[in-house]
Amino acid sequence: MANVTYRAVVCDTLGPPEQLMLRLLSRPALPARHVRVAVRAAGINFPDVLMVQGLYQHKPDLPFVPGLEAAGEIIELGEGVADLGIGTRVIARMRTGAFAEEAVVSEADVVPLPSGYTHTEASTLLVAHVTAYHALATRARLARGETLLVLGAGGGVGLAAVEVGRLLGANVIAVASSEAKRAAAHVKGAAHVLDPSEAKLADAVRKITGDKGADVVLDPVGFAAEDALRCLSFGGRLLVTGFAAGAIPAYAANRILLKSASVIGIRAGEAARHDPALREREMHELLAWANAGKIRPYVSATFPLAQVAEAMDMLAERRAIGRIALTMD
């Protein structure tokens, strides 16, 4: 086993994706209650782009293999694994390690592929949709009939939030920067789509909502703070989900006070580590939706493993619609 090798993307030095190296690694031993997965596809997420630069909250020791989620088949079982079998098609969730032809994953961190999903679709399901579900259902408690405003609705988390918001019964308004992204948001269930460059966003939202504003605003990009708060209804909830635009907004306390608003931080992964039972409840609901065909990632581009830098640059420059995946073929 020691001389078996596989290809993996390795981060030796923190910096731009162009510094990542594709290398042959020796297959490690398989710990008890772990499985070895032959990875067929891996989803790229914005935290991956930040992590290789040392800009993310989680800073793994160097060298490391990036990647938070992957899909493939189990090829080996560690001691004590009883409920999984060789050949089972699974999604693997991890903090690092997905950008490789093989991955060693705890049995608790793999779930079966949803019915009808390709490996590419499955490899892009968990991070974005878990984030969206955790934000909307668990943290904001989005109720049927409420208005949800999704900023950056053409991205992975944004499109997932449009889809999840629709399933929760919300009236979804999607904001996206291109016609193609707005079209994708409409397909995913947005009742209204807005171009942020055409008019004042708050005015457009008030017009749609009868001057009330949105009950919930989900922001994965770090939208201009004043504009985001202006879009909220009285008592509304602003969900701070990420800073894909590169700037971290500062929210004015007086506007939060005057609107009796709540500003809620979203860290779905960290919440799951603090409360594993919460993760299982959220995963159960999401996988039920996926198996019923109610949710499906929008994968706009795939790249071979060797083109990881090009793929990550596409995501960082916000040129992608929905999700991007690496394939191991």
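The values are calculated or read from the model by the stated rules, or taken from the named source; none is laboratory data. Because the structure is predicted, anything quoted here is derived from the model rather than measured. So basically every Cβ, Gly included, is an ideal-geometry build from the backbone, and we count neighbours across all protein chains shown.
Summary of values
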| read-out | value |
| --- | --- |
| Strands (runs of 3 or more DSSP E) fully within the stretch 71-147 counting 2 or more residues that are in contact with a Pro (Cβ under 9 Å, 6 or more places away or on another chain), modelled with pLDDT of 95 or more and not assigned by TED's automatic domain parsing to the domain that holds GLY158 | 89-93, 102-106 |
| In the stretch 81-100, residue farthest from ALA272 (Cα to Cα) [restricted to those that are surrounded by fewer than 21 Cβ atoms within 10 Å (Cβ to Cβ) and of a type outside the set (A, V, I, L, M, F, W, C)] | GLY87 |
| Lone qualifier among VAL157, VAL162, VAL175, VAL150 - being more than 23 Å from GLU270 (Cα to Cα), assigned by TED's automatic domain parsing to the domain that holds PHE243 and surrounded by 21 or more Cβ atoms within 10 Å (Cβ to Cβ) | VAL175 |
| Residue satisfying all of: in the stretch 221-276; at pLDDT 90 or above and more than 25 Å from ALA137 (Cβ to Cβ); nearest to the chain's Cα centre (by Cα) among these | ARG230 |
| Hey, ASP227 assigned by TED's automatic domain parsing to the domain that holds GLY152, free of Cβ contacts under 8 Å to residues at least 40 places away in the same chain, part of a helix (DSSP H, G or I) and surrounded by 14 or more Cβ atoms within 10 Å (Cβ to Cβ) or not | yes |
| Residue satisfying condition, being crowded, with 17+ Cβ neighbours inside 10 Å, on the phi > 0 side of the Ramachandran plot and out of contact with any His (no Cβ under 8 Å at 6 or more places or on another chain), within set ARG318, ARG323 | ARG318 |
| Filtered residues of the stretch 286-306 (kept if surrounded by 15 or more Cβ atoms within 10 Å (Cβ to Cβ) and over 13 Å from GLY43 (Cα atoms)) | LEU286, LEU287, TRP289, ALA290, ASN291, ILE295, ARG296 |
